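Below you'll find the structure, written out as structure tokens, and then a few comments.
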Amino acid sequence: MPVIEVEHLHKRYGDTVAVDDVSFTVEQGEIFGVLGRNGAGKTTTVECVQGLRRADGGTVRVLGLDPVRDRTEVRQRVGAQLQESQLPDKLRVREALDLYRSFYRNRADIDELLADLGLAEQRDTAFHKLSGGQKQRLSVALALVGRPEIAILDELTTGLDPKGRRDTWDLVERIRDRGVTVVLVTHFMAEAERLCDRLAVIDAGRVVAIDTPSGLMSRVDGETRVHFRPVDRLDDAVLTALPEVTSVRRDGDEVTVTGPEEVLQAVLSALAERKIRYAGLRVDQPTLDDAFVSLTGHAGAPPALDGRSS
Ligand SMILES: Nc1ncnc2c1ncn2[C@@H]1O[C@H](COP(=O)(O)OP(=O)(O)OP(=O)(O)O)[C@@H](O)[C@H]1O
């Protein structure tokens, strides 16, 4: 059952068309990604979903409600992350949660939430003394304090170090496991690939594809490459005879075999049958990054932008 339905959404700011015909649905209980480069229109789209912006055209339904007309009800049932500048420096973690909790009908248990988000020790810490990762987790806690049915998380891991990022990914999975539908806005391919059940790829205000990460990757015309070093003697004909193999190359003692996705299984079976041992097995497959480039015609966010703070 869809909990969010967006149809032909349009939104412009003056002469800038930010969202130019975006449609998608989000099913209950999934982690749905909105993936695109900076300026693609992701934030504007989710702000229309939250009722923070009025669309110029199209329709948005959230839990069967109109997010602009029924904004009070939508706010009760949809949790959104706060921008960090929206909290006063001296406000303590526990005070912030108490304050935001008072806005909601359904209130989460704060001690449980603090423990769940790894913030129990910071309960009396002032906001400005929190680390980047702790601030990020507090913003997620504030999004969950009203026991929402949907959580909208925008650029959740921007600015976090690799460990902070992995911890946050685990956290998002735990949120989903509690039955909360998650909308995850990101320009970070590895995050989308790891977390999302389905993704809408947005480019220049338009949806260019909606699919599972593996569905998007399978649309790429790339080949799987299997690399290994045979320990025992291997005649290339053993590999070239396999219907799944399109090419076999030798580079020093390394063999590289290319073919469709099934080539890995075919090569491993052929080696096992002939009891040929090997070392240094590596497999290169088309990535979500490759899919993004092929769908949008440009590279994903350059790595330098992953640490930006916007
Ligand atoms: N308040 C605003 N006034 C004018 N233009 C805006 C405003 N907000 C966004 N835009 C423009 O609309 C377009 C879409 O912006 P939006 O923030 O929705 O994209 P985004 O995909 O979320 O990008 P980012 O990842 O950089 O936040 C961009 O060209 C942006 O410059």
For Pro148, all conditions in the list (1) assigned to a loop (DSSP other than H, G, I, E, B); (2) at pLDDT 95 or above; (3) within 16 Å of the ligand (Cβ to nearest atom) hold save one; what is the number of the exception?
(3)
Scope the stretch 45-57; condition in contact (Cβ under 8 Å) with a residue 40 or more places away in the chain and either outside the structural domain of Arg77 (by TED's automatic domain parsing) or surrounded by 16 or more Cβ atoms within 10 Å (Cβ to Cβ) (or both); matching residues:
Thr45, Val46, Cys48, Val49, Gln50, Arg53, Ala55
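Matching residues to (1) of a type in the set (Lys, Arg); (2) at pLDDT below 95; (3) within 7 Å of the ligand (Cβ to nearest atom); (4) more than 17 Å from the chain's Cα centre (by Cα):
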{"residue": "Glu5", "(1), (2), (3), (4)": "no, no, no, yes"}
{"residue": "Lys11", "(1), (2), (3), (4)": "yes, no, no, yes"}
{"residue": "Asp15", "(1), (2), (3), (4)": "no, yes, no, yes"}
{"residue": "Gly33", "(1), (2), (3), (4)": "no, no, no, no"}
{"residue": "Asn38", "(1), (2), (3), (4)": "no, yes, yes, no"}
{"residue": "Lys42", "(1), (2), (3), (4)": "yes, yes, yes, no"}
Among strands (runs of 3 or more DSSP E) entirely inside the stretch 197-277, those with 1 or more residues being free of Cβ contacts under 8 Å to residues at least 12 places away in the same chain are 247-251
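Table: residues versus (1) touching a Leu at 6+ places or on another chain (Cβ under 8 Å); (2) among the hydroxyl-bearing types (Ser, Thr, Tyr).
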| residue | (1), (2) |
| --- | --- |
| Ala115 | no, no |
| Glu121 | no, no |
| Phe127 | yes, no |
| Ser131 | no, yes |
| Leu144 | yes, no |
| Arg147 | no, no |
| Leu153 | yes, no |
Failed item, numbered, when Val62 is tested on (1) more than 18 Å from Leu184 (Cβ to Cβ); (2) under 22 Å from the mean Cα position of the chain (by Cα); (3) more than 16 Å from the ligand (Cβ to nearest atom)
(1)
Looking at the stretch 191-208 only, could you name the residues that are aliphatic (A, V, I, L, M) and within 16 Å of the ligand (Cβ to nearest atom)?
Ala192, Leu199, Ala200, Val201, Ile202, Ala204, Val207, Val208
Residue that is surrounded by the most Cβ atoms within 10 Å (Cβ to Cβ) [pool: residues in the stretch 161-190 that are away from the ligand (no atom under 16 Å from the Cβ) and assigned to a loop (DSSP other than H, G, I, E, B)]
Val180
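Residues checked against (1) closer than 30 Å to Met1 by Cα; (2) touching a Gly at 6+ places or on another chain (Cβ under 7 Å):
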position: Gly164; (1), (2): no, yes
position: Thr168; (1), (2): yes, no
position: Arg174; (1), (2): yes, no
position: Pro213; (1), (2): yes, no
position: Val231; (1), (2): no, no
position: Glu244; (1), (2): no, yes
position: Val263; (1), (2): no, no
Exactly one of Val140, Val60 is at pLDDT 95 or above, in the same structural domain as Val17 (by TED's automatic domain parsing) and crowded, with 20+ Cβ neighbours inside 10 Å, and that one is Val60
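The values are calculated or read from the model by the stated rules, or taken from the named source; none is laboratory data. Since the structure is predicted, the reported quantities are computational estimates derived from the model, not experimental observations. Cβ sites come from the backbone with ideal geometry, for glycine too, and all protein chains shown count toward neighbours.
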